[in-house]
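Down below is the structure, laid out as structure tokens.
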Amino acid sequence: MMTRGNKLVILTLFISALFIGGIGSGEVVAQSCETPSDIGDCTGTLTGYEDLLEAAFVITKLTLQYAGMTGLFIGTIIYFTAKKSSERGQTGVWLIMGGLVMIALYFGMNTLVEIIKYVGKGRDTYSP
């Protein structure tokens, strides 16, 4: 069960990751205007959203990769050092399986995102 302190720590880490990862790194529409009173000159871009999505993708990718490897490594150690403790051996097997699933999700997510990026470019960029 999560206590109030644990929830606060997790929330703080999440907010810090968002701010460090690139929420404020995009171009704001008002900053690209020559005169703020005339909005006809403004050119809006999706750079801020693309940066935010890219930061979320990188964070998710790194989390899946390193948490999966850590789970696999620790699970293997716990399983082989369990001796006659079936509960400890079961915990090791669950960590191994969780690590393998995270690694599989890491490769699957990378493949899916690359396919979506390829499809999003359109037919113009494909040259056989």
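Taken together, the values in this text are just the output of simple stated rules run on the coordinates, not laboratory data. Quick caveat, the model's predicted, so the values are computed rather than measured. Positions of Cβ are generated from backbone atoms using ideal geometry, with glycine treated the same way; all protein chains shown enter the neighbour counts.
Pulled fully out, how much extra length does the chain show between Ala82 and Ile116, if you take 0.36 nm times their separation in residues and subtract their Cα-Cα distance?
That pair, Ala82 and Ile116, stretches by 7.9 nm at full extension.
List, in order, the whole-Hz ³J(HN,Hα) value for each residue of region 92-101 obtained from phi through the Karplus relation with A = 6.51, B = -1.76, C = 1.60 and θ = phi - 60°; use x for Gly and Pro.
So the J values, rounded to whole Hz, are x, 5, 5, 5, 4, 5, x, x, 5, 5.
Using r as the Cβ-Cβ distance of Leu100 and Phe57, and R0 as 35 Å, what FRET efficiency do you calculate, to the nearest 0.05?
Rounded to the nearest 0.05, the efficiency is 0.95.
If the cut-off is a Cα-Cα distance under 26 Å, which lysines reach Lys7, setting aside same-chain residues fewer than 8 apart in sequence?
Lys61
Among Leu105, Leu112, which comes first, then next, by fewest other beta-carbon atoms within 10 Å?
Leu112, Leu105
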